[in-house]
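So the structure is just underneath, and the comments pick up after that.
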Amino acid sequence: MMYSVEGFILVGGASRRMGTDKSRLTVGGFTFTEKIAAALAGTTQSVKVVGGGAVDLGLERTSDIFEQWGALGGLHAALAACRTEWSLVVACDLPFVTSNLFARLAGLREDFEAVVPMQQNGYLQPLCAFYRVDPCLERCEALIKRGERRPLALLDAVKSRRVEFAEISDLTNADRFFDNINTPEDYTRATRKAVNPSVKG
């Protein structure tokens, strides 16, 4: 089941709030990209990076087709480059995702065109999700040509399985899966928690 999937890490974006390339930040001695790639390797037959972020891991890179189109443009590039039935797309600012999370989501794909988890607060994570390539690529391109930029719009346009947090909360470190690292303050908090897991907030 796992090997009908290619993994993609979105490393593009301006990182304006962080002020530096997020894909090269480190936690626990590994870059964010390295940690995500290792998690993807347990679920996918290959891992590629999407965008112009500086990555030197020997990973194949694919570029945006619709340049400067933000997250939906990166998602489209991943779908266009995918050669398997499913694409697993993860943003580079989610360094605490795990192979167990991806395996859980993979098991929920049947009869759906996308599988997307929810955070504890109920928000969806479209940049940590499975996409069935053929229907999602077609809809994604149509949305972009209409001027849409939100990844959530794609989830509304295809048959999506929304995975509530309660369905993944039993997994180890589930409370950290969706710790987005967008600012220097986020990064400081994340690294403190990595050193001392009892640190809250």
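Looking at (1) over 11 Å from Leu72 (Cβ atoms); (2) in contact with a helix residue (DSSP H, G or I) (Cβ under 9 Å, 6 or more places away or on another chain), which is the only condition Lys145 fails?
(2)
Tell me, yes or no, whether the stretch 140-152 has at least one residue that is touching a Pro at 6+ places or on another chain (Cβ under 6 Å) and either acidic (Asp, Glu) or not in a strand (DSSP E or B) (or both).
Yes; the residues of the stretch 140-152 include at least one that is touching a Pro at 6+ places or on another chain (Cβ under 6 Å) and either acidic (Asp, Glu) or not in a strand (DSSP E or B) (or both).
Where the second residue is part of a strand (DSSP E or B) and at pLDDT below 85 and the first is of a type outside the set (S, T, N, Q) and lies in the stretch 5-32, which pairs have Cβ atoms under 8 Å and are six or more apart or on separate chains?
Note: pairs meeting the criteria are Phe32/Thr26.
Against the conditions (1) modelled with pLDDT of 95 or more; (2) outside any loop (DSSP other than H, G, I, E, B), where does Asp175 fall short? Just the number, please.
Evaluating Asp175 over (1) modelled with pLDDT of 95 or more; (2) outside any loop (DSSP other than H, G, I, E, B) leaves (1) as the failure.
How many of the residues in the stretch 7-32 are at pLDDT 80 or above and surrounded by fewer than 24 Cβ atoms within 10 Å (Cβ to Cβ)?
Total meeting the criteria: 7.
For the stretch 84-116, which positions are hydroxyl-bearing (Ser, Thr, Tyr) and under 21 Å from Arg176 (Cβ atoms)?
Thr98, Ser99
It is to be established whether one or more residues within the stretch 103-111 are of a type in the set (Asp, Glu) and either under 19 Å from Val27 (Cβ atoms) or surrounded by 13 or more Cβ atoms within 10 Å (Cβ to Cβ) (or both).
Looking for residues that are of a type in the set (Asp, Glu) and either under 19 Å from Val27 (Cβ atoms) or surrounded by 13 or more Cβ atoms within 10 Å (Cβ to Cβ) (or both), one finds none in the stretch 103-111, hence no.
Scan Ala77, Ala103 and give me the residue that is touching a strand residue (DSSP E or B) at 6+ places or on another chain (Cβ under 6 Å) and of a type in the set (A, V, I, L, M, F, W, C). Break it down stepwise before answering.
Details: Ala103 fails: touching a strand residue (DSSP E or B) at 6+ places or on another chain (Cβ under 6 Å).
One residue alone meets the criteria, Ala77.
Going through the stretch 99-112 one residue at a time, which ones are in contact (Cβ under 8 Å) with a residue 40 or more places away in the chain and assigned to a loop (DSSP other than H, G, I, E, B)?
Filtering the stretch 99-112 down to residues in contact (Cβ under 8 Å) with a residue 40 or more places away in the chain leaves 99-109, 111-112.
Selection gives Gly107, Leu108, Arg109, Asp111, Phe112.
Considering only the stretch 26-98, give the strands (runs of 3 or more DSSP E) lying wholly within it that have at least 3 residues that are closer than 25 Å to Ser160 by Cβ.
Working: elements: 47-50, 60-62, 86-91.
Per the criteria, 47-50, 86-91.
Name every residue in the stretch 115-139 that is small (Gly, Ala, Ser) and either in a loop (DSSP other than H, G, I, E, B) or on the phi > 0 side of the Ramachandran plot (or both), in order of residue number.
Kept after step one, since they are small (Gly, Ala, Ser), are these residues of the stretch 115-139: 122, 129.
Within the stretch 115-139, just Gly122 meets the criteria.
Can you name the number of the only condition in (1) of a type in the set (Lys, Arg); (2) within 17 Å of Phe102 (Cα to Cα); (3) at pLDDT below 85 that Lys35 fails?
Of the numbered conditions (1) of a type in the set (Lys, Arg); (2) within 17 Å of Phe102 (Cα to Cα); (3) at pLDDT below 85, the odd one out for Lys35 is (3).
Of all residues in the stretch 80-138 being out of contact with any Ser or Thr (no Cβ under 8 Å at 6 or more places or on another chain) and of a type in the set (Ser, Thr, Tyr), which is nearest to Ser46 (Cα to Cα)?
Ser87
Is there any pair with a first residue in the stretch 174-201 that is within 21 Å of Val90 (Cα to Cα) and of a type in the set (Phe, Trp, Tyr) and a second that is modelled with pLDDT under 80 and not in a loop (DSSP other than H, G, I, E, B) whose Cβ atoms are under 9 Å apart and which are 6 or more apart or on different chains, and what are they?
Close Cβ pairs (under 9 Å, with a partner that is modelled with pLDDT under 80 and not in a loop (DSSP other than H, G, I, E, B)) amount to Tyr187/Lys22.
Within the set of pairs 6 or more residues apart or between chains, which connect a residue that is more than 20 Å from Asn173 (Cβ to Cβ) inside the stretch 113-136 to a residue that is polar (S, T, N, Q) with Cβ atoms less than 6 Å apart?
The qualifying pairs are Ala114/Ser160; Tyr131/Ser87; Val133/Ser87.
The values are calculated or read from the model by the stated rules, or taken from the named source; none is laboratory data. Because the structure is a prediction, the values reported are computed rather than measured. Counting neighbours? That spans all protein chains shown, and the Cβs are built from the backbone with ideal geometry, glycine included.
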